[in-house]
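The structure appears right after this line, and notes come after that.
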Amino acid sequence: AGLIVVGLGLIILVFGATISISNSKAVSRRIQESEMRYRALSGLTGEGVAIHEAGIIVEANQAFADMFGYDRAELGGKPVSDLTSGKIVQQVMDRIARNENDEYESSGLHKDGHSFSVDIKSMPTVYLGRQMRVSRVRDRTEQQQAAAAIRDSEERYRNITDNLPVLISYVDRDKRYQSANKLHETWYGKPVSEIIGRRMDEVMLPESYEMSKDFIARALAGEVVRYEGDSTTPDGVRRYRRVNYLPHRAQNGEVSG
C-alpha cells in the first residue's frame, strides 16, 4: 500500500511538473508573440511608438528613435523624462503615474538639445507579461511650419491688397464677404472686421446692389463677368466703377465663391 501511495505521488508530481513546464512555455510563447506583434505594428507606422514601464523606456520603434535623434539601442532603459523639455517634465510624469488613457500636447527634447512640439496619445498595456504604457508620439514641427507659412502668405497677401487703389474681396455662394481689403473701409464707412461675414446687400447701398446682383449671379453660375457703371457708395460719393467678378471653383469643379 505504501509503495502504491509513493508511486501515485510520483506520478502526480511528474504530471504537475509537466503541466507547469507546459504552462511556462505557453506563457513564454505568448510573450514572444506579443513582442513580435508590437514590433510588426510599430514598424508599419511613420509615427513614433514607445513602450515604457514606470517611466523607463522598454521598447521604441525606428520612427520614435529618429524623431528624438537616438539609435534604438540607446533608448532601452532611458527615462521618459530625458526626452521631455525640462519645464514640463513633472506634468508628463504625473500623467504617466495616473496610468490612464491620455491625449495631450507636449514638448519633446531632441538628443542635440533642441525642443520641439509633439502630440502624445498614451494608454496602459500589458507587454512581456507586465503592466506598462504604450505611447504614440507625433512630431508637430511640420504642422506648425505649414501653419506659419499660411499665416505669412496671408500677411503678404494683405500687405499687397491693402495698398492697392482698388476694391478686392472674396464672397462665398451665400454672397457673404469672407475677405476684403482696406479700401472697403473708405467706401463703406466701416472697418473690415464689420464687413467680413455680412452679405453684400447688407454692405452695399440698395442702388449699387440692384445694379450688381445679376452680374453677381452670373459669376456664381461660373461666368467671368466684367461691367462698368456708376452709383453712390455709403460714404456719399458718386463713383464710376469698372468691375471684374471671377468665379472661384473648388476641386470638384463647383463654384464656391
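The values are calculated or read from the model by the stated rules, or taken from the named source; none is laboratory data. Note that this is a predicted model, so its numbers are computed, not measured. Don't worry about glycine lacking a Cβ; one is built from the backbone with ideal geometry, like all the others, and counts go over all protein chains shown. Heavy atoms of the whole protein, side chains included, go into the accessibility calculation; ligands, DNA and RNA do not. Shrake-Rupley method; radii C 1.70, N 1.55, O 1.52, S 1.80 Å.
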Inset, instruction - Restrict the search to the range 60-113; then list the trypsin sites (Lys or Arg not before Pro) that DSSP places in a loop and that have at most 15 other Cβ atoms within 10 Å of their Cβ. - result: Lys111
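Within the range 119-257, how many Lys pairs that are eight or more residues apart, or on different chains, come under 30 Å at the alpha-carbon?
Working: Lys175/Lys190; Lys175/Lys213; Lys182/Lys190; Lys182/Lys213; Lys190/Lys213.
Counting lysine pairs in the range 119-257 gives 5.
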Inset, instruction - At 7 Å along the Cα-to-beta-carbon direction for both Leu205 and Ala250, put a label point, then send me their distance in nm to one decimal. - result: 3.6
Inset, instruction - Just subtract the alpha-carbon distance of Asp102 and Asp66 from 0.36 nm times their residue separation and send over the number in nm, one decimal. - result: 10.6 nm
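Nearest 0.05, what FRET efficiency do Ala73 and Ala146 give at R0 = 45 Å with Cβ-Cβ as r?
Values: r = 33 Å, r/R0 = 0.73.
Here the calculated transfer efficiency is 0.85.
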Legend entry - Built amide H within the under 5 Å cut-off of Ser179, gap 5+: Tyr170
Inset, instruction - Would you tell me the accessible area of Leu3, worked out with a 1.4 angstrom probe on the heavy atoms of the protein chains, in Å² to the nearest 10? - result: 150
Legend entry - trypsin sites (Lys or Arg not before Pro) within the range 183-217, DSSP loop, no more than 10 other Cβ atoms inside 10 Å: none
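Can you tell me the FRET efficiency between Lys121 and Arg218 if r is taken as the Cβ-Cβ distance and R0 is 41 Å, rounded to the nearest 0.05?
Values: r = 50 Å, r/R0 = 1.22.
Once rounded, the FRET efficiency stands at 0.25.
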Inset, instruction - Take the alpha carbon atoms of the range 156-257, find their radius of gyration, then divide it by 2.2 N^0.38 Å using N residues; give the quotient. - result: 1.05
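Considering every pair of different Cα atoms, what Kirkwood radius, in Å, is found for the range 104-193? Don't skip to the answer; put the middle values down first.
On the way: mean 1/r = 0.0567 Å⁻¹.
Its Kirkwood hydrodynamic radius stands at 17.6 Å.
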Inset, instruction - Find, among the GluC sites (Glu not before Pro) in the range 189-254, those assigned to loop by DSSP (not H, G, I, E, B) with at most 14 other beta-carbon atoms within 10 angstrom. - result: Glu223, Glu254
